[in-house]
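What follows is a short report on a single structure.
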Amino acid sequence: EAGVTQFPSHSVIEKGQTVTLRCDPISGHDNLYWYRRVMGKEIKFLLHFVKESKQDESGMPNNRFLAERTGGTYSTLKVQPAELEDSGVYFCASSQDIAGTPFDTGELFFGEGSRLTVL
Amino acid sequence: AQSVTQPDIHITVSEGASLELRCNYSYGATPYLFWYVQSPGQGLQLLLKYFSGDTLVQGIKGFEAEFKRSQSSFNLRKPSVHWSDAAEYFCAALYSGAGSYQLTFGKGTKLSVIP
């Protein structure tokens, strides 16, 4: 079974440009999460989808970030326009359980992350 | 606000030596607690978790962690480290956010293993 896949693995762009990150969750997982790790800082929650709906987007830093999950399958995270402080590693995760916590069955599965460098 | 602290940024141990990675959390109630590992080029992998019950939990790859409520700690241990354990380790706690559940992570501890 394929795990969570993210694309691209690394993106280098200039300040003011646009970047779109993609996440393909494990097939059948209704929950999809985005997290971000800025250099030297903690991994921080960005948002949570249940199927195609945004369950919680309280961690999104500002309106330059737009996440979508059309059809409840893969998700994209667009940064427009990118700023220097957006540099970091963006992780996607998925889980199956939708009743109660996503951890009742044990695990949030993470992708390898997409490293974004804004110059 | 909820927080997770990993006081050690980088630890170096010799292969075969024992290992303890520290983690402290700050919450009003006992949270769900986790340890994740990220090896080079890999995603985050769950090592073990604590929800309730026995305070000593066993995980994969020979790791264990002990929950100590009095110290608000959830330290990760391994009796004998292998070179393949070199990675970055993250302690995390689960709390309920705006209608959802969010993981709060520590800053991570990078483990180097000397042959």
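General remarks:
- The alpha carbons of region A:1-61 stretch over 36, 27, 23 Å along the principal axes, in descending order.
- 25 Å Cα-Cα threshold exceeded, pairs from A:15/B:110; A:54/B:68; A:41/A:78; A:44/B:49; A:15/A:44; B:78/B:107: A:15/B:110; A:54/B:68
- Put simply, when A:62-73, A:33-44, B:77-88 are sorted by average Cβ atoms within 10 angstrom per residue, most first, you get A:33-44, B:77-88, A:62-73.
- Dipole magnitude of chain B, debye to nearest 20 (Cβ charges: Lys/Arg +1, Asp/Glu -1, about Cα centre): 180 debye
- Relative contact order (%) - chain A, alpha-carbon pairs under 8 angstrom, separation at least six: 36 percent
- The protein assembly as shown: C-alpha gyration tensor shape, a/c 1.5 cut-off, then a/b vs b/c: prolate
- Neighbourhood charge, 15 Å Cβ-Cβ cut-off, centred on residue A:119 and excluding it, Lys, Arg +1 and Asp, Glu -1: -2
- 10 Å beta-carbon shell around residue A:83, net charge (K/R +1, D/E -1): 0
- Building the convex hull from the alpha-carbon atoms of chain A and averaging its projection over directions returns 7.0 nm².
- Ranked by the mean number of other Cβ atoms within 10 Å of their residues, highest first, the peptides A:110-118, A:22-30 fall in the order A:110-118, A:22-30.
- Residue-count net charge about residue A:8 - beta-carbon cut-off 10 Å; Lys, Arg +1, Asp, Glu -1: +2
- Spatial separation of Cα centroids for region A:66-83 and region B:2-31, in angstrom: 33 Å
- Look at the alpha carbon pairs under 8 Å that are at least 6 residues apart: their mean separation over the length of chain B gives a relative contact order of 36 percent.
No value in this document is a laboratory result; all are computed from the given coordinates. Values in this document were obtained by computation on a predicted structure and should not be read as measured data. Neighbour counts run over all protein chains shown; Cβ positions are idealised from the backbone, glycine included.
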